[in-house]
Amino acid sequence: MPDPSYTPNPDNPLPVPLPPSPLPGPIPLPGPVPLPGPIPFPQPGPMPLPPDHDWWRCWRNAAISGRYEGNQAGSALIGKSLDLRLDIDRRNNAESPVLNRISGDIYTKRFVRIGGRFQLVTTYLESWIVDKPVVTWSRCRVRISGTVRFWQGVHPPTTVDISVGWFFGAINPANVVFTVGGTPEAAYSCAYKSDCFRDVNLEMDFCSSVDVDPKAPSYNTHSHNNRPADLAARTLDLGTTYRDTGIDLRVDAVHTVIDDSAPAFVSWNVGELHDAMETSFSRFTSGWPAWNLWGMQAGLFDSAGVGGIMFDAAAGFGGAGRGPDRQGFAVFRNHSWFTNLVAGTPATQDQAWAQRHYLYTWVHEAGHAFNFLHSWDKARPDSLSWMNYDWRYDQRNGADQFWANFRFRFDDDELLHMRHGDRASVIMGGDPWASGGHLESPAGAMTVSGPGSDVELTVTGKSHFDFMEPVALEFRLRNTGDAPLVLDRRLDPRYGNTTVYVQKPNGTTVLHESVVCYYGIPEPVTLGPAADAGGTEGEDRFSELVQLAYSTGGFVFDEPGQYLVRVVYSSEGVLQASNTFPLRVGFPVTKEEDRFAPEFFNREVGLTLAFEGSMSPYLSKGLDALTEAAERFTGEPLGVKAATAVAQSVGDDFYRREHRTMVKSHSADPERALALTDPGLERYQAAGTPSANLAYRDLVQFRAGLHLAADNAEAANAEVETLAKDLGERGANPSVVAEVRDLMVPVAEEKAAPKSRRAPRKGTK
């Protein structure tokens, strides 16, 4: 008789105990093992239970859950195949919950003749899921059935019946029968492949300046004292962390080392990251979409507060700006978070904190490649997930509460998406980032703030934009209370504090999601008490001009007509909705504008605008179109903004990888950048309207940096003084005028002052 501790029940506790010793008798040898191949027809029904003396036939030491693949009966070489995922019993540990789902992807296979030779071609057809499968366990077999829901298209009512048996520890092929419109189809025979549901390849490259140990993150969950009391002690790295989710993340053993030792190369911008991925990612030229992603460890980002970034978004096939979406991210090793990072066992709590955050940053940024938004963008701000920010969670739940409760896992909805989501919305190079994910569509478009808040969020700006003119609006925070208020000043959506909704002329409302996502340190700003509560006029507010022309879905304002814009700010425990701002995009005035539009509304132009300039050859088509726009429409709003984007490109050094070394491929040309922006400066000086103040200030601040790069502090200070005078005459608050004059550089100190590689690109008032 079998040991009474052996119970093949639905929960399948692991590990299953080994059979008793000594055995009660000789073990009969199994019969011949059949050759692998498709099962030509469904099994007739449940296998009879074995007699007691054959109990060992039903012994197994692994979960049924995992990935299976195989062909439909009669299609061993050509026809349909199935990638099957069963999620019905526990795979490994308690942090990898059973979701009770089954799903799969259907493919076709055929032979084609190319160059006189035949080769097998596999084509993906569609994906499906069973949300509430019925699971029936017997001693040697489990049967699973349910109603199939296809992610795309219209299908007749479809059910599926799956039977999986096991024999002396080995899991037999799954027999899968779909019944479509009441008619059973030929069965699939799917062999067990893995206890994970998907396989992903990660190529990790390192810059030479940070090619130091520890290269890959590793953290013992008991190293830091701030943790859940019942958390098991485990050592986690990228592989084990993603294995918990059901993803077999395979890190390439061979790493490219990128020489970034050029003396003037001090930080990375988004365009350079894109370009480095293009030349470094060996799988980039393979067929897409594919289960491949690229991560790089670099030194510093242009914004020093940024510790990680997902930078490859809203792209099509063929190169940076045309390459697959959701495939690149970077971690910045010289960020202050990692100052105390050490290899091996940490000796202090600060070292443990750094190890934990190092792992967190890698897992978080890689998570974006699976089509994950941040937790708060999915209306789950209290989620204990890799995709939340610790400091944002603590703002709502108390200091140090995130790590006190975090179990080093994604939340269940994210696991459901990773394991069983539509293939196109999960795979790298599939749906654009921030779209298509199961339960990932962000809520909040109708968020309304009630009266009595101490914060006011206002969206304002020009009410009319010319056709093709890149749209930029002012986001303004204002303190309406009688006490100082500290908020995060980062209002650009790329930092995650603001969510932008746009209602288009056809009535549809879309989420404007930035093509890059920055993970970094909050930048606090203190807003003084409101003027009517005894504060100083102007010190109670903070504004930023936010560029909205291009998002993960492409150009947002690309059609003439009326648009409505609303913004929700969420940070520092504040959730505040803005007013609804109407703006109109005009029609093409001339045939020339209409004919030029297809050249302008392309990804290369959009990414060049979003990156605030780039000299990458992979975006050269965009730079050429912007240059043409600047020349065709000189002095007009479109020409001014196009010229500014070109000036941002040519006015800064640009570094590219050549033979594993970062070299300067373009030297900053401040004189050309100044000439390009002269018409814009003249237009803003002549405008005389408050709606142009922020754009005017941003341009002068940018040009001041160019003048300094050209060793002409007198010209920089003259333009800053003119700006201060003009803003004062336009009714700007004295505090704003004073901030502008602070931009002036003492001429005697200018020569000795160190020069930044990049000119400032943000403005406030």
### Message
So Val135 passes all but one of these: (1) under 30 Å from Thr240 (Cβ atoms); (2) touching a Phe, Trp or Tyr at 6+ places or on another chain (Cβ under 9 Å). Which condition number does it fail?
### Response
(2)
### Task
With respect to Ile64, determine if the residue is surrounded by 21 or more Cβ atoms within 10 Å (Cβ to Cβ) and assigned to a strand (DSSP E or B).
no
### Query
Taking strands (runs of 3 or more DSSP E) that fall entirely within segment 464-513, which contain at least 2 residues that are modelled with pLDDT of 90 or more and under 28 Å from Leu638 (Cβ atoms)?
472-479, 498-503
### Query
For segment 352-364, what are the residues that are of a type outside the set (Phe, Trp, Tyr) and either in contact with an Asp or Glu (Cβ under 6 Å, 6 or more places away or on another chain) or under 15 Å from Asp237 (Cβ atoms) (or both)?
Gln355, Arg356, His357, Leu359, Thr361, Val363, His364
### Message
Residues that are part of a loop (DSSP other than H, G, I, E, B) and surrounded by 14 or more Cβ atoms within 10 Å (Cβ to Cβ): does segment 174-185 have at least one?
### Response
yes
### Task
Tell me, please, whether a residue that is part of a loop (DSSP other than H, G, I, E, B) and closer than 25 Å to Trp291 by Cβ can be found in segment 138-146.
no
### Query
Which residue out of Val650, Val663 is under 19 Å from Ala610 (Cβ atoms), among the β-branched types (Val, Ile, Thr) and within 34 Å of the chain's Cα centre (by Cα)?
Val650
### Query
Going by the conditions given, is Tyr684 in contact with a Leu (Cβ under 9 Å, 6 or more places away or on another chain) and either over 21 Å from Glu604 (Cβ atoms) or not hydrophobic (A, V, I, L, M, F, W, C) (or both)?
yes
#### Entry: Scope segment 204-238; condition among the β-branched types (Val, Ile, Thr) and either under 30 Å from Arg656 (Cα atoms) or not in a strand (DSSP E or B) (or both); matching residues
Val210, Val212, Thr221
### Task
Using the structure shown, decide if Val254 is surrounded by fewer than 22 Cβ atoms within 10 Å (Cβ to Cβ), free of Cβ contacts under 8 Å to residues at least 60 places away in the same chain and in a loop (DSSP other than H, G, I, E, B).
yes
### Query
Asn602: of a type in the set (S, T, N, Q) and buried (at least 16 other Cβ atoms within 10 Å of the Cβ), yes or no?
yes
### Query
What pairs can you find where one residue is in segment 460-472 and in the same structural domain as Arg697 (by TED's automatic domain parsing), the other is in a loop (DSSP other than H, G, I, E, B), and their Cβ atoms are less than 9 Å apart, with a gap of 6+ or different chains?
none
### Task
Sort out which residues of segment 605-619 are aromatic (Phe, Trp, Tyr) and crowded, with 24+ Cβ neighbours inside 10 Å, and write them in order of number.
Phe611
### Query
Right, Ser138: touching a residue at least 12 places away in the same chain (Cβ under 8 Å) and more than 25 Å from Leu416 (Cα to Cα) or not?
yes
### Answer residue from segment 360-409, given it is of a type in the set (Lys, Arg) and not in a helix (DSSP H, G or I) and is surrounded by the fewest Cβ atoms within 10 Å (Cβ to Cβ) among those
Arg407
#### Entry: Options Ser571, Ser551, Ser514: the member that is surrounded by 19 or more Cβ atoms within 10 Å (Cβ to Cβ) and touching a helix residue (DSSP H, G or I) at 6+ places or on another chain (Cβ under 6 Å)
Ser514
#### Entry: Positions within segment 665-696 being at pLDDT 95 or above and of a type in the set (Val, Ile, Thr), in sequence order
Thr677
#### Entry: Number of the exception - Gln349 against (1) farther than 27 Å from Asn292 by Cα; (2) in contact with a Phe, Trp or Tyr (Cβ under 8 Å, 6 or more places away or on another chain); (3) touching a residue at least 60 places away in the same chain (Cβ under 8 Å)
(2)
### Task
Filter segment 635-664 for residues that are polar (S, T, N, Q) and modelled with pLDDT of 95 or more and give the result.
Thr644, Gln648, Ser649
### Task
Residue by residue through segment 107-153, note down the ones that are of a type in the set (A, V, I, L, M) and crowded, with 19+ Cβ neighbours inside 10 Å.
Ile129, Val130, Val142, Ile144, Val148
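Residue by residue, here is whether (1) surrounded by 23 or more Cβ atoms within 10 Å (Cβ to Cβ); (2) outside the structural domain of Leu681 (by TED's automatic domain parsing); (3) under 26 Å from Val257 (Cα atoms) holds:
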residue: Lys621; (1), (2), (3): no, yes, no
residue: Ala625; (1), (2), (3): no, yes, no
residue: Phe633; (1), (2), (3): no, yes, no
residue: Pro637; (1), (2), (3): no, yes, no
residue: Thr644; (1), (2), (3): yes, yes, no
residue: Ala647; (1), (2), (3): yes, yes, no
residue: Arg657; (1), (2), (3): no, yes, yes
### Selection within segment 185-207 - hydrophobic (A, V, I, L, M, F, W, C) and more than 20 Å from Phe370 (Cα to Cα)
Ala186, Ala187, Cys190, Ala191, Phe206, Cys207
### Summary
Among residues of segment 157-173 being in a loop (DSSP other than H, G, I, E, B) and either polar (S, T, N, Q) or modelled with pLDDT of 95 or more (or both), the residue surrounded by the fewest Cβ atoms within 10 Å (Cβ to Cβ) is Pro157
### Message
Just to confirm my filter: which strands (runs of 3 or more DSSP E) fall fully inside segment 574-659 and include at least 2 residues that are of a type in the set (Lys, Arg) and more than 30 Å from Thr460 (Cβ to Cβ)?
### Response
654-658
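The values are calculated or read from the model by the stated rules, or taken from the named source; none is laboratory data. Just so it is clear, the model here is predicted, and its values are computed rather than measured. Because the Cβ atoms are built from the backbone with ideal geometry, glycine has one as well, and the counts that use them run over all protein chains shown.
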